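Written out below as structure tokens is the structure these notes cover.
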Amino acid sequence: MLLEKDKAEAALVAACRRTGMEYVIVRPGGLSNEQATGSAVLTEDASVCGAVAREDVAALVAAAALKKSASGKTLSAVDTSQLFEKEGAAPKFEVFSL
């Protein structure tokens, strides 16, 4: 399934570059149906893993779609309070500022 997702993202990027259309790709972590926490963030670090509420992802996608700074970016959406630990500690990463 991930191979098909990668193919779709590559096709989107190629089409947007060809036409000059702006885009942003938001890759959510593990989606949950829990209420939004307001602790979700975007990062350019694709190695960060964690859960994130669907409602928080929707808010991040809407915000990213309206920001020039996100244009042409592939961003990961994670909830800072629900990160999956690496080697017994929360991963360190840079938050993408919208």
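The values are calculated or read from the model by the stated rules, or taken from the named source; none is laboratory data. Just so it is clear, the model here is predicted, and its values are computed rather than measured. For neighbour counting, all protein chains shown are included, and Cβ atoms are generated from backbone atoms with ideal geometry for every residue, glycine included.
Structural remarks
- From Ala70, Ala51, residue being farther than 19 Å from Val13 by Cβ and not β-branched (Val, Ile, Thr): Ala51
- Residue among Val78, Val41, Val57 that is in contact (Cβ under 8 Å) with a residue 12 or more places away in the chain, under 16 Å from Gly30 (Cβ atoms) and in contact with a Pro (Cβ under 7 Å, 6 or more places away or on another chain): Val57
- Among the residues of region 7-54, those identified as under 23 Å from Leu83 (Cα atoms) and either over 13 Å from the mean Cα position of the chain (by Cα) or among the hydroxyl-bearing types (Ser, Thr, Tyr) (or both) are Ser32, Asn33, Glu34, Gln35, Ala36, Thr37, Gly38, Ser39, Thr43, Ser47.
- Restricting region 56-89 to residues that are within 23 Å of Met21 (Cα to Cα), of a type outside the set (A, V, I, L, M, F, W, C) and in contact with an Asp or Glu (Cβ under 9 Å, 6 or more places away or on another chain), the residue that is surrounded by the fewest Cβ atoms within 10 Å (Cβ to Cβ): Lys68
- Qualifying residue in region 46-55 (condition: modelled with pLDDT of 95 or more, in contact with a helix residue (DSSP H, G or I) (Cβ under 9 Å, 6 or more places away or on another chain) and surrounded by 13 or more Cβ atoms within 10 Å (Cβ to Cβ)): yes
- Selection within region 84-98 - in a loop (DSSP other than H, G, I, E, B) and aliphatic (A, V, I, L, M): Ala90, Leu98
- Members of region 1-56 that are among the β-branched types (Val, Ile, Thr) and out of contact with any strand residue (DSSP E or B) (no Cβ under 6 Å at 6 or more places or on another chain): Val13, Thr19
- Test: residue in region 35-44 that is under 12 Å from Lys73 (Cα atoms), modelled with pLDDT of 95 or more and surrounded by fewer than 16 Cβ atoms within 10 Å (Cβ to Cβ): yes
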